[in-house]
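Trainee: Have a look at this one.
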Amino acid sequence: MEGEHPDESDAKEETFVPWYLQVQQPPAEKHESPMAARQRLPDLPEHPPSILQPLLEHVSVELGMDDLTLLDLRSLDPPPALGANLLMAIGTARSEKHLHVSADKLCRWLRSEHKLSPFADGLLGRNELKIKMRRRAKRSRLLSAVGSKNTGNSEIDEGIRTGWVCVNVGRVEGGELPEEVEKVQRQEGIIGFGARSGGCRIVVQLMTEEKRGDMDLEKLWTGILNRAQREKERDMELDGDGVRQILDPAGIETAEGSVRRDSGMTA
């Protein structure tokens with residue numbers, strides 16, 4: 001065509017590629033941001049109580065706890081000291097102030113929304129922290145007045161920095177394992193002292209990052225769970241061997257219609 005340079009037409013022919021020859025580029029990998037990874041909710045275990053999902057969402061979204069972990073300790077026998085049928089959640093606070101404010105808000109939310117009676121071990125109340133800070137400042141002024149170099153700024157010794165608050169939610173409805181339900185049903189006709197309580201118990205461990213690294217509760221309880229699982233499998237193997245020995249101590253078939261050689265009788 002007139003007005004079109006030959007070099008331009010050659011460039012168009014070279015750059016044009018039919019659709020069936022075009023190579024599709026693989027989609028770019030979506031890298032999850034570190035903040036989103038820290039705020040990811042843990043997977044729910046089997047047979048969870050109804051309150052577990054809203055509790056984890058409240059701790060993560062409303063309270064801003066990071067790196068939530070959920071430990072299912074319901075199968076431990078003997079049970080942990082905190083109670084039988086236990087579910088333990090662990091979260092990381094971003095500061096000491098964030099730790100105590102979040103624990104206080106969690107207890108208030110459980111009381112108002114779910115009518116529970118939680119107990120927070122290690123929680124400093126709103127006025128308690130102010131009183132401790134005032135006492136520390138007064139002690140520092142007195143020590144400075146007498147020329148002491150040690151002004152007593154150890155917050156840990158004075159209980160100002162705990163780094164760890166254990167919120168015991170208490171026993172909630174649901175969350176029992178099927179084997180526990182069967183055990184309760186078998187024991188319904190047994191007369192004894194007290195009544196067997198149902199449901200499960202939930203504990204929320206809130207820690208600062210430094211305290212969580214020092215305690216490493218995940219490693220501790222994971223090791224206990226693995227050891228309990230190995231012992232359970234070994235006991236099942238031993239029980240199976242014992243049953244086989246009782247049924248057939250001489251290594252002879254005892255099925256219906258077989259001949260018992262040791263007694264000379266026909267089954």
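Trainee: Are there helices (runs of 4 or more DSSP H) fully within the stretch 42-156 with at least 1 residues that are among the aromatic types (Phe, Trp, Tyr) and modelled with pLDDT of 85 or more? List them.
Mentor: Of the helices (runs of 4 or more DSSP H) lying wholly inside the stretch 42-156, those with at least 1 residues that are among the aromatic types (Phe, Trp, Tyr) and modelled with pLDDT of 85 or more span 96-114.
Trainee: Mind checking whether some residue in the stretch 198-216 is assigned to a helix (DSSP H, G or I), modelled with pLDDT under 65 and surrounded by 10 or more Cβ atoms within 10 Å (Cβ to Cβ)?
Mentor: no
Trainee: Still on this structure, I have one more. Can you confirm whether the stretch 83-90 contains a residue that is surrounded by fewer than 19 Cβ atoms within 10 Å (Cβ to Cβ) and more than 15 Å from the chain's Cα centre (by Cα)? Outline the logic, then answer.
Mentor: Restricting attention to the stretch 83-90, the residues satisfying the condition of being surrounded by fewer than 19 Cβ atoms within 10 Å (Cβ to Cβ) are 83-84.
With the extra rule that they be more than 15 Å from the chain's Cα centre (by Cα), the set shrinks to 83-84.
Yes, the stretch 83-90 contains at least one residue that is surrounded by fewer than 19 Cβ atoms within 10 Å (Cβ to Cβ) and more than 15 Å from the chain's Cα centre (by Cα).
Trainee: Among all residue pairs at least 6 apart or on different chains, which show Cβ distances below 6 Å where the first residue, located in the stretch 202-230, is farther than 25 Å from Arg94 by Cα and in contact (Cβ under 8 Å) with a residue 60 or more places away in the chain and the second is of a type outside the set (D, E, K, R) and surrounded by 13 or more Cβ atoms within 10 Å (Cβ to Cβ)?
Mentor: From residues that are farther than 25 Å from Arg94 by Cα and in contact (Cβ under 8 Å) with a residue 60 or more places away in the chain, the pairs are Ala228/Leu76.
Trainee: Of the numbered conditions (1) surrounded by 17 or more Cβ atoms within 10 Å (Cβ to Cβ); (2) modelled with pLDDT under 95; (3) touching a His at 6+ places or on another chain (Cβ under 9 Å), Pro178 satisfies every one except a single condition; which is it?
Mentor: So the condition that Pro178 fails would be (1).
Trainee: Might you check whether a residue that is surrounded by fewer than 12 Cβ atoms within 10 Å (Cβ to Cβ), under 30 Å from the mean Cα position of the chain (by Cα) and modelled with pLDDT under 95 occurs anywhere in the stretch 163-172?
Mentor: no
The values are calculated or read from the model by the stated rules, or taken from the named source; none is laboratory data. All values derive from a computational prediction rather than experimental measurement. Every residue, glycine among them, receives a Cβ derived from its backbone with ideal geometry; neighbour counts consider all protein chains shown.
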